[in-house]
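Single-structure report; data block below.
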Amino acid sequence: MPYKLFDNKKITVQHKSRPSDYCMPSMQMASDHYNIGIVTSGDRQTITPNESFEYHAGYVSMIPPFLLHRTLSLSKEPYEGYLIKFSLE
């Protein structure tokens, strides 16, 4: 399950760095926040029950709360980027 926002926070920004073969272990969804991802390195694919999309270095993606999804690697380049989480409020 994705990590929830920290107590009393409305927004957080996290630097993410993952090896080239990292994939989320299963489908997951956030229940208390939106996610905006900014990719600075690597190639990723996000799958949902209804669609899938790819994003690469320089792309920005957004996942709303309660959307079941899984993120997979698309290349041998390590993933690096920033994850911005903000509350439903």
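Report yes if Ile11 is among the aliphatic types (A, V, I, L, M) and under 16 Å from Tyr79 (Cβ atoms), otherwise no.
No: the conditions fail for Ile11.
Each row is one residue, and each column tells you yes or no for (1) surrounded by fewer than 15 Cβ atoms within 10 Å (Cβ to Cβ); (2) free of Cβ contacts under 8 Å to residues at least 24 places away in the same chain; (3) under 10 Å from the mean Cα position of the chain (by Cα).
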position	(1), (2), (3)
His15	yes, no, no
Pro19	yes, no, no
His56	yes, yes, no
Pro78	yes, no, no
Lys85	no, no, yes
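With respect to Glu89, is the statement that it is loosely packed, with under 14 Cβ neighbours inside 10 Å, without any contact (Cβ under 8 Å) to a residue 12 or more places away in the chain and of a type outside the set (Lys, Arg) true? Answer is no for this residue. Would you be able to say whether some residue in region 45-54 is touching a strand residue (DSSP E or B) at 6+ places or on another chain (Cβ under 9 Å), surrounded by 14 or more Cβ atoms within 10 Å (Cβ to Cβ) and modelled with pLDDT under 95? No, region 45-54 contains no residue that is touching a strand residue (DSSP E or B) at 6+ places or on another chain (Cβ under 9 Å), surrounded by 14 or more Cβ atoms within 10 Å (Cβ to Cβ) and modelled with pLDDT under 95.
The values are calculated or read from the model by the stated rules, or taken from the named source; none is laboratory data. Because the structure is predicted, anything quoted here is derived from the model rather than measured. Cβ atoms come from the backbone with ideal geometry, glycine included; neighbour counts cover every protein chain shown.
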